[in-house]
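The structure under discussion appears below in the form of structure tokens.
The values are calculated or read from the model by the stated rules, or taken from the named source; none is laboratory data. Just so you know, these numbers come straight off a predicted model, no measurement behind them. Heads up, the Cβs are rebuilt from the backbone with ideal geometry, glycines too, and the neighbour counts pull from every protein chain shown.
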Amino acid sequence: MTYLLIAFLAAAVAPLLIATWRTSLLGLAVQGLVMTAILAGRGRPDTAAGAVLLADLLLVRTLFVPRFLYGILLRQNAPRRSDVIPANLLSWTVAGALVLAAFRFADRACPEGGELEMHVAVAAAALLLSFLVLATQRRAFGLAVGALRLENAVALFELAGGHELPLPVQLGVTGVLILTVLTFGAFVRRLGAAPVDGSAPAPGRAP
Amino acid sequence: MTTPLAAPAPAPTPAPAPGAPAAAAKTARPRSVKLLLAVAGLDAVLAFVAAFATPASAVFRAAGGYLVLDATSRLFLLVVGLVFLGVATYLWTRVGQTPELSERVDRLVGYSLAFVVAANLALLSNHLVATWALVELTTLAAVPLIQHRGTRVRLRASWTYFLFSSIGLALTLLGFACLARGMEASGAPEVTFFLDGLARAARQPSELWRRLGLVLIFLGLGTKLGLAPMYAWLPETYHRAPPAVTALLAAIQFNVALALVFRVVQIYRASDQGVIGPELVALGLATMAVSAVGIISTRNYTRLIAFASLNHGGVIAIGLGIGRIAAYGVVLYAVSNAFIKAILFLTAGKIEAHYGTEDVREVSGLLEDMPYSGLFFMVGTFALLGFPPFGSFLGELIVMSGLLRGGHHGVFAAFCAILTATFIATGRAIFPMIWGEPRKPVRWASQPLATIAPKLFLLACLVAMGLYLPAPVNALFRQVAAGLGAE
């Protein structure tokens, strides 16, 4: 499973360096796919709740979320470039430090080490990077991507445990995720590329 | 700013004879508003029956154990039912008096009903993650409500609200996942989020994961309660949303999130009285300080009440943090503040509709100009500031006494200093509004009893909570407080 976790981490880090909105959406899709692979690696789900979780990861997070946002941005004719964090050395250093801090935390939280430690470390790194994105973004799309990265980090962390939610609860959680994504999409569509705090666009940035 | 639900430009109205039939009664209202009022009435009656038809300590489960009716759900169902009835009556009268507000009101009613159904189910839920999903549903229903007939400013406010809520609730879910990890790490026989099963599993804690989980849960739910550091959405949203929607958020959604906090505290306090007490006290004090600064700096009365709501969240967090003797005060304070916020935000909507401004410097002589609204605003402000004889006074007093008896003298001193600053700043802004010289010609329409009855009822509840609580109500309060570790 370790290579899957490394792939997840790569999908969390790469869009910080390759600053296009397509990369951001691809990152979300890859994260969903990796989580699907992790779950599928445990065998076919033997409960309805397990099947719903698999559908949540594969159909919602991997396919629906990126595709839905892609359609909106395409219709908006959004400029290709979209920095999820400011493109400077300081931001990249902070991002690197956050990944290191996540691994240090996992080292303490899981003294038994092994795959669990790696799992917790990657989930923590994805979580901290999503906060970095949320803290530095001003546009609806960037903030929505930050929030969805956070959702994926939480989902990855939940996969570390072996427990399952009861079917009605799992259905509710998945339903809420779909509604949340639809609402994010509606905001991205209506707020467009303008900064959501109402201020003027920063010089040198895409309008 | 002129907000559609709150502030249609007030046309001068001739003063009708006292007792004359109100304009509200003459105007045909959309069927959806009648439906809303009927559902709100039914909800309040059912909540009343659920609260008092059985002993406070009785616990009923339904729907295969997914729903539970215990003291916590009974008390908060009652609060939600009463406040929702007040909001529905407000909408009924406002739409009747201002027919242009009927535009798109069906949409408003639809989302309000979805909001309140999700809120009631969240209170009845016996599964923490299911409760979480239902709280998220109330958020999703509230987003279009905040935007109702809105401008770009409202769109931005609803975006801020949605973003903060989503992040806060994601943190809460992460907290639950940490608790699950803790249960697995400690070898608990099963990992469950059913309240009763979780209570058993909580006795075998894995300290790091439990602590981390609880901190994340309180940080996440603290976002919904407006606790620092994730409070920034609250003043903006409460200010921009239509008054009826603000009342729904401040008095209903706040208490649904608070009930979830109570559930978590009830489970974990059973095995460890002091669990994350210091963290809650620190969050509470920081929130009170932020609130005081906000109140001092604002000149907008809706925003001022919103900042005062932050203060309430802070007091509740401190009370929960010290637990024991303060627990009863926390329950009393939380319920009182639901009613205070409903009264104040709905009255603020009326005042804004009359004056067309939310600037405290532009409103003066409320008691003469708008006697009923002025009276409610005055009494609500006194209750807000923790004056006797209201429940908020008694609740705050018990929390302060808990601070002293628990030996938290430094916290007590900071608490008093912040409260004093809040009191002075609020009084400086609000008192001239109430008692100043009227700036407009005194000309007020008589208000039908129906328009003030819900607020009068909420006010009566507030006074009763400060002076005399009937035995069945008191039993309910005590039962909830006992779960929070009351001595």
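Summary table below
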quantity: Residue that is surrounded by the fewest Cβ atoms within 10 Å (Cβ to Cβ) [pool: residues in the range B:191-209 that are of a type outside the set (Val, Ile, Thr) and at the interface with chain A (Cβ under 8 Å from one of its Cβ atoms)]; calculated: B:208
quantity: Answer residue from the range A:148-187, given it is charged (D, E, K, R) and facing chain B (nearest Cβ under 7 Å) and is nearest to residue A:12 (Cα to Cα) among those; calculated: A:151
quantity: Only one of B:145, B:123 that is closer than 19 Å to residue B:220 by Cα and more than 10 Å from every other protein chain (Cβ to nearest Cβ); calculated: B:123
quantity: Residues that are in contact with a Leu (Cβ under 8 Å, 6 or more places away or on another chain) and farther than 21 Å from residue B:412 by Cα, drawn from the range B:295-307; calculated: B:298, B:305, B:306
quantity: Test: residue in the range B:159-168 that is over 20 Å from the mean Cα position of the chain (by Cα) and either free of Cβ contacts under 8 Å to residues at least 12 places away in the same chain or not in a helix (DSSP H, G or I) (or both); calculated: yes
quantity: Residue in the range B:194-213 that is modelled with the highest pLDDT, counting only those that are in a helix (DSSP H, G or I) and small (Gly, Ala, Ser); calculated: B:213
quantity: Residue check, residue B:131 modelled with pLDDT of 95 or more, in contact with a strand residue (DSSP E or B) (Cβ under 9 Å, 6 or more places away or on another chain), under 30 Å from residue B:462 (Cβ atoms) and in a helix (DSSP H, G or I); calculated: yes
quantity: Hits in the range A:1-12 (condition: crowded, with 18+ Cβ neighbours inside 10 Å and in contact (Cβ under 8 Å) with a residue 60 or more places away in the chain); calculated: A:5, A:8, A:9, A:12
quantity: From B:176, B:115, B:84, residue being closer than 28 Å to residue A:150 by Cα, away from every other protein chain (no Cβ under 13 Å) and part of a helix (DSSP H, G or I); calculated: B:115
quantity: Exclusive hit being within 28 Å of residue B:362 (Cα to Cα) and buried (at least 24 other Cβ atoms within 10 Å of the Cβ), set B:305, B:322, B:316; calculated: B:305
quantity: Residue in the range B:447-468 that is outside any helix (DSSP H, G or I), farther than 20 Å from residue B:243 by Cα and in contact with a Phe, Trp or Tyr (Cβ under 8 Å, 6 or more places away or on another chain) present; calculated: no
quantity: Matching option when the condition is outside any helix (DSSP H, G or I) and either of a type outside the set (Val, Ile, Thr) or surrounded by fewer than 15 Cβ atoms within 10 Å (Cβ to Cβ) (or both), among B:387, B:415; calculated: B:387
quantity: Tally of residues being surrounded by 16 or more Cβ atoms within 10 Å (Cβ to Cβ) and either closer than 30 Å to residue B:449 by Cα or not β-branched (Val, Ile, Thr) (or both) across the range B:390-412; calculated: 14
quantity: Residue within the range A:13-26 that is over 17 Å from residue A:146 (Cβ atoms), part of a helix (DSSP H, G or I) and touching a Ser or Thr at 6+ places or on another chain (Cβ under 9 Å) present; calculated: no
quantity: Spans of helices (runs of 4 or more DSSP H) in the range B:232-348 with at least 2 residues closer than 20 Å to residue B:487 by Cβ; calculated: B:254-269, B:277-297, B:301-322
quantity: Number of positions in the range B:159-173 that are facing chain A (nearest Cβ under 8 Å) and small (Gly, Ala, Ser); calculated: 2
quantity: Set B:60, B:52, B:76: member being among the aromatic types (Phe, Trp, Tyr), under 23 Å from residue B:484 (Cα atoms), modelled with pLDDT of 90 or more and loosely packed, with under 15 Cβ neighbours inside 10 Å; calculated: B:60
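One line per residue, one yes/no per condition, for (1) away from chain B (no Cβ under 14 Å); (2) without any contact (Cβ under 8 Å) to a residue 24 or more places away in the chain; (3) surrounded by fewer than 17 Cβ atoms within 10 Å (Cβ to Cβ):
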| site | (1), (2), (3) |
| --- | --- |
| A:58 | yes, no, no |
| A:77 | yes, yes, yes |
| A:82 | yes, no, no |
| A:87 | yes, no, yes |
| A:97 | yes, yes, yes |
| A:109 | no, yes, no |
| A:113 | no, yes, yes |
| A:116 | no, no, no |
| A:134 | no, yes, no |
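Table: residues versus (1) modelled with pLDDT of 95 or more; (2) over 27 Å from residue B:473 (Cβ atoms); (3) buried (at least 24 other Cβ atoms within 10 Å of the Cβ).
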site: B:90; (1), (2), (3): no, no, no
site: B:95; (1), (2), (3): no, yes, yes
site: B:135; (1), (2), (3): yes, no, yes
site: B:151; (1), (2), (3): no, yes, no
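Residues are listed down the side, and each one gets a yes or a no for (1) at pLDDT below 95; (2) within 25 Å of residue B:424 (Cβ to Cβ):
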residue	(1), (2)
B:240	yes, no
B:258	no, no
B:291	no, yes
B:310	yes, yes
